[in-house]
Amino acid sequence: MPEALKAIRETTASFVEEHLPLELVRAIDAEDRYPSEPLAALVAEGYMGINIDPAYGGWGGNILDAMALYEEISRRLPVLAWVVGNICLYGGEIIGKSGSEAQRRTYLPRLARGEIKFGFALTEPDSGSDAASLKTRAERDGDGYRIYGRKMFITGAGVSDYVLTMARTSEDRYRGITAFIVDTRAVGYSARELQKLGYRGSNTCAVSYEGVRVGPEHILGGPEGIGHGWEHMVRLLNQERLTLAACAVGIGRAVLEDAIEHVRRRFPGGAPQGVQHRVAEMATELEAARSLAYAAARLEADGLPCGREASMAKYFATDTGKRLAVQGMDLLGGEGAESGADMQRHLRNVLVLTIGGGTSEIQKNIIARQIGL
Ligand SMILES: Cc1cc2nc3c(=O)[nH]c(=O)nc-3n(C[C@H](O)[C@H](O)[C@H](O)COP(=O)(O)OP(=O)(O)OC[C@H]3O[C@@H](n4cnc5c(N)ncnc54)[C@H](O)[C@@H]3O)c2cc1C
């Protein structure tokens, strides 16, 4: 493990112990509350610059560094990793990779300092997995555009300063999509928070655009960015999948730790072999998921193709997390069924992870294509 990654893992683990006590984690989940205080603590430590180029005030970390951060945080407060990952990917990463120089100078230093938050709006009420069939449209208005349409399940849409919005600027399936940096204070933008099973507190919203005006400076990549929104997004897909794989590994660790703690307590004289085997299988599956995720991330960090591996990592790690959490519930017996059991929260969170960022079926479609089917 490189020294930088080791340091980030260790400092994040200390951060978790200091700033994310279990009582806070339980309260955020129970109250469905945006994790403002822990996010402010992360900002104060400079973490929001993790993936931003030092030229714009960031740390210049790669996907391996970011995954260590997300994994460690997800072990305790998954919604915080989700919120931070969303801002880092759809703020820092996409603007760093696809923004114009003026956009990089405008947004990246403020993102690195944690002064602004970004969200990302692709999914719509009638288009999720088949994202390119989106209908939200941007109509020409002088030197800019006006956006009309609706988006669904948009993380942070009610608390972000900007929401990167994918809208149709022509009928071409892919080349007709443009990414706009929408200021959420603009007239015609509104967000309504949705109640969810897991990742409670993520401020996931239904969003409405009623003629939201965007100037040429809000087209991602500048005026030449028209029709390149899909291409900009595709550049981020591996990182998004790897981010979610790391989140699943973090939740899997929490599940395993809680299961071990319960089994030790329940069977003080030593657990029956059948029980031990079930926990041993969980530990093995988690290790396999972790190895796959970081092997794929190593390829991405080295600039090598890894579409197949990133999809495998996302599918396998989130599915493993789900199996582990179900097994964890079984192992807890009646205690697992009691309202408020931590294992229930792990299960509710991991169930959502197999959906966001492309469902398990969509990952398997990609893997099947890549292996020649
Ligand atoms: C908590 C949360 C946060 C989210 N945050 C964001 C966000 O910030 N921004 C954003 O844009 N989106 C976000 N999403 C949306 C997410 O990306 C979509 O929910 C996801 O892509 C699935 O789309 P869908 O819900 O429309 O399901 P559908 O596409 O309707 O899928 C329903 C089922 O059909 C299966 N299916 C669909 N098509 C195929 C196929 N071709 N082959 C095999 N099976 C198929 C799916 O696997 C799934 O099991 C979020 C979702 C959640 C739950």
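For this structure, a couple of remarks:
- Centroid-to-centroid separation of segment 221-236 and segment 309-336 [C-alpha atoms, Å]: 35
- Multiplying the residue separation of Leu22 and Ala295 by 0.36 nm and removing their Cα-Cα distance gives an extension gain of 95.2 nm.
- Considering all different alpha carbon pairs of segment 119-228, the Kirkwood hydrodynamic radius works out to 13.8 Å.
- Prolate is the label for segment 295-346, because the ratio a/c of its alpha-carbon gyration tensor axes (a ≥ b ≥ c) is 1.5 or higher and a/b is greater than b/c.
- Solution diffusion estimate, µm²/s, Stokes-Einstein, the chain, Kirkwood Rh from C-alpha pairs, 20 °C, viscosity 1.002 mPa s: 101
- Mean residue ellipticity at 222 nm, helices only, the chain: -16500 deg cm²/dmol; runs of at least 4 DSSP H residues each add -39,500 (n - 2.57), and the sum is divided by the number of residues.
- Scattering profile of segment 3-116 at q = 0.10 Å⁻¹ [log10 I(q)/I(0), Debye over alpha-carbon scatterers]: -0.28
- Calculated SAXS-style log₁₀ I(q)/I(0) at q = 0.13, 0.14, 0.16 Å⁻¹ - segment 246-350, Debye, Cα scatterers: -0.50, -0.56, -0.68
- Environment charge at Glu261 (Cβ cut-off 14 Å; Lys +1, Arg +1, Asp -1, Glu -1): +1
- Long pairs among Lys117/Lys364; Lys135/Lys314; Lys97/Lys117; Lys97/Lys151, criterion Cα-Cα beyond 21 Å: Lys117/Lys364; Lys135/Lys314; Lys97/Lys151
- Each label point was placed 7 Å from the Cα along the Cα-to-Cβ direction; for Arg185 and Gln273 their separation is 6.9 nm.
- For Val43, net neighbour charge (Lys/Arg +1, Asp/Glu -1) across residues whose Cβ lies under 9 Å away: -1
- Going from the fewest other Cβ atoms within 10 Å to the most, the residues Ser100, Ser291 appear in the order Ser291, Ser100.
- Neighbour net charge for Ile367 - beta-carbon separation under 15 angstrom, K R +1, D E -1: +2
- Distance between modelled label sites at Leu237 and Arg140, nm, 7 Å Cα→Cβ extension: 3.1
- FRET efficiency, 1/(1 + (r/R0)^6) with R0 41 Å, evaluated for Thr284 and Asp53 via beta carbons: 0.60
- Cα-based helix-to-principal-axis angle, 342-353 vs the chain, degrees rounded to 10: 40
- On the basis of the beta-carbon distance and an R0 of 30 Å, Glu335 and Glu361 show a calculated FRET efficiency of 0.35.
- Rounded tilt (10° steps) of 3-19 against the dominant C-alpha axis of the chain: 80
- On the beta carbon distance between Glu171 and Arg150, with R0 = 25 Å, the FRET formula returns roughly 0.85.
- Using alpha carbons only, the radius of gyration of segment 99-149 set against its Kirkwood radius gives Rg/Rh = 1.09.
- Degrees separating the helix 273-301 axis from the principal Cα axis of the chain, which is the longest one: 30
Where a number appears in this text, it was derived from the coordinates with a stated rule and is not lab data. Here the structure is a predicted model, which is why all the values come from computation and not from measurement. Because the Cβ atoms are built from the backbone with ideal geometry, glycine has one as well, and the counts that use them run over all protein chains shown.
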